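Chemist: Please read through the structure below; I'll follow up with questions.
What follows draws every value from the coordinates through simple rules; no lab data is involved. Predicted model only: the values in this text are computed from it and were never measured. Don't worry about glycine lacking a Cβ; one is built from the backbone with ideal geometry, like all the others, and counts go over all protein chains shown.
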Amino acid sequence: MRKIATYIKNHIPLRQVIPLILLTIMFRLAIVRLYEFSIEFYIGAYGNESLNAYVSGLHIVLTGFGIFMCLYAIVVYIVERRNNLPFWYGRCQSAGSNANAVFEAAIGTSLLRLSPAVTVVIAMLFSIIFTIVSNITARHREELSQRYVGHVGRTLDDLKLKGKVDFGGEVLHALGREVIPKDTEVKVVDVDGYNIVVERLIKE
């Protein structure tokens with residue numbers, strides 16, 4: 001049982017999957033009610049005149065936007081994991097947070113207004129996609145860490161938070177926690193997303 005719990009913790013992004021399920025349920029209930037309210041409002045304002053056309057048009061708009069949001073959520077999640085963003089937005093993360101893709105996936109799934117069973121299937125597919133993307137990005141970060149952490153290189157330009165570093169003929173983009181002048185020896189100390197993080201090399 002402990003092995004299963006450890007596997008789930010290490011391979012399934014529960015911080016994304018659990019909110020995705022809860023938000024999908026919440027948004028689905030809200031959107032269904034709003035859909036019914038919009039039809040009631042239309043009938044109250046215009047009667048049954050062109051009701052079928054209105055319902056058909058509304059269905060096309062919601063379905064189209066739902067599909068777009070679902071696809072967009074996958075793209076956003078890939079970008080977020082590549083940049084190793086936290087789940088919630090923070091002032092130091094001007095690029096955003098993991099919560100963005102989860103909200104978009106939940107809204108997109110809910111807008112499709114499918115049966116509860118199909119909605120559950122779509123939510124599960126998102127969970128699988130999120131898990132695959134998280135594992136791929138985590139593996140890549142681990143490979144970068146093993147390959148570069150501890151290596152010494154030299155900056156090719158003024159590294160103003162981001163710049164190019166030469167590692168014996170291999171040029172990589174790197175992040176710095178301070179401004180580092182050109183032609184300064186630096187050491188890889190960490191990996192952030194798909195980027196290596198360097199600091200000035202302090203020679204003892």
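Chemist: Just tell me which aspartates and glutamates come within less than 17 Å, Cα to Cα, of Lys203; anything on the same chain fewer than 8 places away is out.
Modeler: Asp183, Glu185
Chemist: Using a/c under 1.5 as the rounded threshold, could you call the range 155-204 rounded, prolate or oblate? The axes a ≥ b ≥ c are square roots of the C-alpha gyration tensor eigenvalues, and prolate needs a/b larger than b/c, oblate otherwise.
Modeler: Verdict is rounded for the range 155-204.
Chemist: Right, another one. Per 0.36 nm of contour for each residue apart, how much would the distance between Phe65 and Tyr46 grow if the chain were fully extended, relative to their Cα-Cα spacing?
Modeler: 4.3 nm
Chemist: What does the charge count around Arg82 come to, taking other residues whose C-beta lies under 12 Å from its C-beta (Lys +1, Arg +1, Asp -1, Glu -1)?
Modeler: Every neighbour counted, the sum reads 0.
Chemist: Still on this structure, I have one more. To the nearest 10 degrees, how steep is helix 99-111 against the longest Cα principal axis of the chain, on a 0 to 90 scale?
Modeler: 20 degrees
Chemist: Once you sort the root eigenvalues of the Cα gyration tensor of the chain as a ≥ b ≥ c, which label holds: rounded (a/c under 1.5), prolate (a/b larger than b/c) or oblate (the other case)?
Modeler: The shape class here is prolate.
Chemist: Could you tally the net charge around Cys70, taking each other residue with its Cβ under 15 Å from the Cβ of Cys70, Lys/Arg +1 and Asp/Glu -1?
Modeler: Local net charge: +1.
Chemist: Provide the FRET efficiency to the nearest 0.05 for the Leu201-Val75 pair, computing r from the beta carbons and using R0 = 45 Å.
Modeler: That gives a FRET efficiency of 0.75.
Chemist: For Asp158, what residues show an amide H to amide H distance below 5 Å, using hydrogens built from the backbone and excluding near sequence neighbours?
Modeler: Correct list: Lys182.
Chemist: I would also like to ask the following. Between Glu142 and Leu34, what is the FRET efficiency for a Förster distance of 45 Å, r being their Cβ-Cβ separation, to the nearest 0.05?
Modeler: 0.55
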